[in-house]
Every structure is written in C-alpha cells, then in structure tokens.
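Right, one structure below, let's go through it.
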Amino acid sequence: NRSINASIKLIPINTIQPFVTKYLSDLDGSIDGEFNISTKDEVNDFTGYLHIKKGKLRINTLNSSYRLPDDRILFTGKKMEFNNFRVLDSLNNELLLNGFIDFSTKKQVFADVGISSSNLQILNRKEEKNAVFYGDIFIDSKLRISGLVTSPVLKGKIILAKGTDIYFRQTENLN
C-alpha cells in the first residue's frame, strides 16, 4: 500500500502558452490544487481538486475570448467531476458543464457530461483579406456527451442565436 499527497499553489496558466501558441493565446490566471494518489491491494485511487482562478484564453482561429472565473474540477475515486463548471464569453454569456469523466478502466475512459449555453459567442472574426469565414456566431446549446471517449454518443441541440451574422468568402481558382 502507498499514498502520495501533493499540493500545487498559484501555477500561472500562461506557462503552457509556448506549447499551444498555434491554437490558444492570451492565457492568464492561475491553478491551485491538492491531490492524494493511493494504492491499496493493487487498486489505484485519486482524490483532490484543481481550482482555476481568473482563467482566460483566446481561441485563435475563432478569435473568441473566454474566462474561467473561479471554479473547481473535482477528482473523486477514479472520476473527474464538473459541478456547474462555468465558462464565460467576452460578453459574459455562460456555458455550463455538469457531469464526469470516469477513468476506472484504463483502456475504456467513460464520459457523461452535459453542456448548456445561452447566447454564447463562439466566433468573433473581423473581415480579413484571406479569411474564408468571418462575422459573429452566437449559439444556444443543450448537449449530452456520454459513453466511451473513443466513440462518444452526442445528443442534443445547437441553435444559432440572435445576433449571428456569418460571411463565407468563396475564392475562385483562376488557373
């Protein structure tokens, strides 16, 4: 039998910026957490939490900014749990995550996560010379992702919300 206790304090989120520069920018905020990893009779178990404080990020291809105000991701048994985990867009519209990801079986990670949003901005791109898509996209969503993460079942609705204005530029190949 063994047990490992760990604590992390105020790790800046922007320390991962060099690894994700192509996809994400403007990373900010910090992460705290406590973990206990134990083994008893050859069965591994982990408990603890990650606490995200004043998290920020921008998805480069969409030019959309999001905030993770002050929430926790819990780890109990062999599950990662989301309890009203909030993500806010630049207009303070909310996306909520509820559910869990179960790591009980190493080769078959299982998820049951609900995602809901109202008027969430997912695209905020200005017209640029080479941009194929630009404009603003707002969505209302109610989704459930369940099953094995290698072949999840996705059920729900995503509806374009008021304020959506999408432009598509078709470029001709004159060769």
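How are the alpha carbon pair distances in region 121-175 distributed across 10 Å bins from zero to the largest one, expressed in percent?
With a bin width of 10 Å, the distribution comes to 21, 30, 26, 20, 3.
If you average the sequence gap of Cα pairs under 8 Å that are 6 or more apart and divide by the length of the chain, what percent do you get for the contact order?
It comes to 13 percent, rounded to a whole number.
Using DSSP to define loop residues, name the trypsin sites (Lys or Arg not before Pro) in region 19-102 whose beta-carbon has at most 12 other beta-carbon atoms within 10 Å.
Qualifying residues, ordered by number: K22.
Suppose a student asked you for the relative contact order of region 91-134, using Cα pairs under 8 Å spaced at least 6 residues apart; what percent would you report?
Relative contact order for region 91-134 comes out at 36 percent.
Cross-link candidates for K53: which aspartates and glutamates have Cα within less than 20 Å, leaving aside residues fewer than 8 places away along the same chain?
Of all the aspartates and glutamates, those that pass the test against K53 - Cα under 20 Å, at least 8 places apart if same chain - are D26, D28, D32, E34, D70, D71, E81, D89, E94.
Taking a cut-off of 23 Å between Cα atoms, list the lysines near K22, but don't count ones fewer than 8 places away on the same chain.
K54, K56, K126, K129
Summing -39500 (n - 2.57) over the DSSP H runs of n ≥ 4 in the chain and dividing by its residue number, what mean residue ellipticity at 222 nm do you reach, to the nearest 500 deg cm²/dmol?
That calculation yields -500 deg cm²/dmol at 222 nm.
Select from L88, L154, L24 the residue whose mean-square fluctuation is largest in a Gaussian network model of the chain (Cα-Cα springs shorter than 10 Å).
Between L88, L154, L24, it is L154 that shows the largest mean-square fluctuation.
Can you compute the FRET efficiency between K129 and N92 using 1/(1 + (r/R0)^6), with r the Cβ-Cβ distance and R0 = 30 Å? Round to the nearest 0.05.
0.45
Rounded to whole Å and sorted largest first, what semi-axes of the equivalent ellipsoid does the C-alpha gyration tensor of region 1-74 yield via the square root of 5 times each eigenvalue?
31, 13, 10
Using square roots of five times the C-alpha gyration tensor eigenvalues, list the equivalent-ellipsoid semi-axes of the chain in whole Å, biggest first.
35, 20, 16
Rounded to a whole number, what % of the accessible area of region 1-103 do carbon and sulfur atoms account for, probe 1.4 Å?
So the carbon and sulfur contribution to the accessible surface is 58 percent.
Within the chain, what's the longest run with no GluC sites (Glu not before Pro) in a DSSP loop and at most 10 other beta-carbon atoms within 10 Å? Give the range, please.
43-126
What relative contact order, as a whole-number percentage, does region 8-112 give when Cα pairs under 8 Å and 6 or more residues apart are counted?
It rounds to 18 percent for region 8-112.
The values are calculated or read from the model by the stated rules, or taken from the named source; none is laboratory data. Every value quoted in this text rests on a predicted model; they were computed, and no experiment measured them. Here Cβ is always computed from backbone atoms with ideal geometry, including for glycine, and neighbour counts include all displayed protein chains. The accessibility values were calculated without ligands, DNA or RNA, using every heavy atom of the protein model including side chains. Shrake-Rupley method; radii C 1.70, N 1.55, O 1.52, S 1.80 Å.
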